[in-house]
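The values are calculated or read from the model by the stated rules, or taken from the named source; none is laboratory data. From a predicted model like this one, the values you see are computed outputs, not experimental measurements. Cβ placement follows ideal geometry from the backbone for every residue including glycine, while neighbour counts extend to all protein chains displayed.
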């Protein structure tokens, strides 16, 4: 399972504020992420200068999770007509989860005889961690 990663960039107007906007001191120093997620890296520390294109944080979005798998070419027609699959994460995570098939690669890897499939696994409460190996069943 994988997460989508975003970089939060600073906006000098948001950080410095503007006297014409009558923004309080706390709000002037607040930068909000456009996504919910987990901070995976800090690019700047408190007190460092921020300009418009400065990445400040790296945020991993964990809802939905991406599940990527590679299948033998023989299964292409079987998977192409499906809409969902069952994902079973490895220990220490337990359970069976329904995931929606979002991408079935149109290009095969001739060297390995495989093609890729990407599934979207809803994780609204963030209970499933990203990066866990899993098995995928296409019924």
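Do you know which residues across the stretch 87-112 are within 19 Å of the chain's Cα centre (by Cα), more than 12 Å from residue 68 (Cβ to Cβ) and part of a strand (DSSP E or B)? Selection gives 88, 89, 97, 98, 100. Only one entry of 104, 50 meets the criterion of being surrounded by 12 or more Cβ atoms within 10 Å (Cβ to Cβ), in contact with a helix residue (DSSP H, G or I) (Cβ under 8 Å, 6 or more places away or on another chain) and not assigned by TED's automatic domain parsing to the domain that holds residue 122, and that entry is 50. Among the residues of the stretch 85-125, the one identified as on the phi > 0 side of the Ramachandran plot and touching a residue at least 24 places away in the same chain (Cβ under 8 Å) is 113. Looking across the stretch 113-139, the residues that are in a loop (DSSP other than H, G, I, E, B), surrounded by 15 or more Cβ atoms within 10 Å (Cβ to Cβ) and within 20 Å of the chain's Cα centre (by Cα) come down to 123, 128, 129, 130, 132.
Residue by residue, here is whether (1) touching a strand residue (DSSP E or B) at 6+ places or on another chain (Cβ under 8 Å); (2) loosely packed, with under 15 Cβ neighbours inside 10 Å; (3) within 22 Å of residue 63 (Cα to Cα) holds:
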site	(1), (2), (3)
81	no, yes, no
85	yes, no, yes
88	yes, yes, yes
111	no, yes, no
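Annotation: residue 71 fulfils all but one of (1) at pLDDT 85 or above; (2) surrounded by 13 or more Cβ atoms within 10 Å (Cβ to Cβ); (3) in a strand (DSSP E or B); (4) under 19 Å from the mean Cα position of the chain (by Cα); the unmet one is (4).
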